[in-house]
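Asks: Quick one: the structure is below, questions incoming.
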Amino acid sequence: MASTHHILQSRPNPNLISIVIPCYNEEAVVPILRERITEFMKVLPCPAEIILVNDGSADQTINLLWKWAETDQRIKVIGFARNFGHQPAVTAGMDVAEGDAVVIIDADLQDPLEVILEMLKKYCDGYDIVYGQREERTGESTFKLLTAWFFYRIMRKLVHKDLPVDAGDFRLIARDALDTLKSMREMHRFLRGMGAWVGFAQCPVVYKRAARVAGETKYPLSKMLKFAWTAAVSFSAFPLRLSLGLGIVVAIFGFMAGIYAIIQAVLHFLNTNPSQVYNPGWATLVTLLCLIGGAILICLGILGEYVGRIFEEIKARPLYIIRCSKNVTLPK
Ligand code: UDP
Ligand code: MG
């Protein structure tokens with residue numbers, strides 16, 4: 001499928017680049033991150049601010065971040081009141097970012113910082129969203145690779161046809177696209193899908209994803225499945241259509257069984273031999289009952305998911321709650 005073409009206008013490096021890093025229980029990672037970021041800021045071709053969002057960590061993460069921010073005005077820290085999740089953490093960073101370009105990157109340095117330099121080149125070429133596309137993954141289990149592979153292919157069908165395959169949240173977003181994304185305040189967020197949805201001039205930068213520098217993944221399978229479900233139902237009515245399809249199939253079965261039952265009954269009454277026992281067809285009846293009952297419950301369940309989401313969206317609660325901050329001007 002061809003994606004939209006844009007007129008690209010080259011531009012200079014941003015006056016300021018904001019690097020947003022969500023951190024959840026990353027005490028093992030922060031010291032290494034600090035070292036690498038400090039070195040990296042020296043090679044960046046423009047001034048930078050680093051926005052570290054502590055997503056309600058239960059370890060020493062916030063203390064480490066705080067100490068770091070005390071030594072450098074460019075290091076900005078936001079502390080959440082509790083754990084809100086990766087997507088709200090990234091959103092908070094995007095909300096306070098002041099740069100002309102914003103980069104979202106994980107704390108664990110699985111995405112190499114140097115790739116940002118390539119992203120900046122694409123930014124200068126005129127691209128508004130430059131996403132990192134993984135070429136190869138090392139240090140991850142076959143199971144994780146396989147689930148990720150399926151995840152992206154199915155999501156492409158469900159979420160958006162332009163959803164980049166094998167791309168995570170590691171990306172550079174230019175100011176215009178960022179402001180558009182910031183205006184989308186839905187509670188159930190899938191930023192990659194939202195990025196595909198807004199359009200703009202987009203391009204990939206291919207890179208090799210490394211293993212975590214320290215600590216463990218904060219995205220176990222259960223969280224990944226929940227995230228995939230959020231992505232599917234917050235972007236697409238396909239599951240609802242699926243339940244309609246299921247309903248139709250079951251109804252056709254029911255209709256055919258009904259006709260069969262009528263024919264049986266008629267044949268029974270026409271039968272003049274009274275010694276033949278009429279088969280009441282309990283087995284058929286019970287089977288059909290279970291089938292139809294099950295299908296109705298499935299459809300109701302899917303419908304319920306959507307109603308539940310409407311309920312949560314309509315409450316319009318804040319996406320995150322900030323408990324403390326350092327070196328940051330919080331938006332009103
Ligand atoms: N993260 C977060 N809140 C959460 C879970 C994760 O802010 O509830 C952060 C985490 O600290 C890391 C990033 O999101 O910087 C990605 O998490 P992780 O590396 O564990 O995921 P994976 O790379 O294994 O998919
Ligand atoms: Mg990671």
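Asks: Specify which of the listed residues (207, 219) is within 16 Å of ligand 1 (Cβ to nearest atom), open to solvent by less than 50 Å² (accessible area, probe 1.4 Å), within 30 Å of residue 94 (Cβ to Cβ) and among the aromatic types (Phe, Trp, Tyr).
Replies: 207
Asks: Which one of the conditions (1) modelled with pLDDT under 85; (2) more than 10 Å from ligand 1 (Cβ to nearest atom); (3) open to solvent by 50 Å² or more (accessible area, probe 1.4 Å) does residue 239 fail to meet, given that it meets all the rest?
Replies: Here residue 239 meets the rest and fails (3).
Asks: Restricting to the range 222-236, name every residue that is open to solvent by less than 50 Å² (accessible area, probe 1.4 Å) and within 16 Å of ligand 1 (Cβ to nearest atom).
Replies: 224, 227, 228, 230, 231
Asks: Another question, if that's okay. Restricting the first residue to the range 213-224 and requiring it to be under 12 Å from residue 106 (Cβ atoms) and within 11 Å of ligand 2 (Cβ to nearest atom), which pairs with a second residue that is assigned to a loop (DSSP other than H, G, I, E, B) and polar (S, T, N, Q) meet a Cβ separation below 7 Å and a spacing of at least six or different chains?
Replies: 218/25
Asks: Let me ask something additional. Scan the helices (runs of 4 or more DSSP H) fully inside the range 163-242 and keep the ones with 2 or more residues being in contact with a strand residue (DSSP E or B) (Cβ under 9 Å, 6 or more places away or on another chain).
Replies: It comes to 175-182, 191-198.
Asks: Inspect all residues belonging to the range 153-164 and state whether any of them is open to solvent by 10 Å² or more (accessible area, probe 1.4 Å), touching a Gly at 6+ places or on another chain (Cβ under 6 Å) and not polar (S, T, N, Q).
Replies: Yes - at least one qualifying residue is present in the range 153-164.
Asks: While we're looking at this one, here's another question. How many residues, within the range 165-201, are open to solvent by 40 Å² or more (accessible area, probe 1.4 Å), touching an Asp or Glu at 6+ places or on another chain (Cβ under 7 Å) and not aromatic (Phe, Trp, Tyr)?
Replies: Residues in the range 165-201 being open to solvent by 40 Å² or more (accessible area, probe 1.4 Å), touching an Asp or Glu at 6+ places or on another chain (Cβ under 7 Å) and not aromatic (Phe, Trp, Tyr): 5 in total.
Asks: Output the number of residues of the range 47-105 satisfying the condition of being in contact (Cβ under 8 Å) with a residue 40 or more places away in the chain, among the aromatic types (Phe, Trp, Tyr) and surrounded by fewer than 23 Cβ atoms within 10 Å (Cβ to Cβ).
Replies: Matching residues across the range 47-105 total 2.
The values are calculated or read from the model by the stated rules, or taken from the named source; none is laboratory data. What you see is a predicted model, and the numbers here were worked out from it, not measured in a lab. Virtual Cβ from ideal backbone geometry, glycine too; neighbours counted across all protein chains shown. These accessible areas exclude ligands, DNA and RNA; they are computed on the full protein's heavy atoms, side chains included. Shrake-Rupley method; radii C 1.70, N 1.55, O 1.52, S 1.80 Å.
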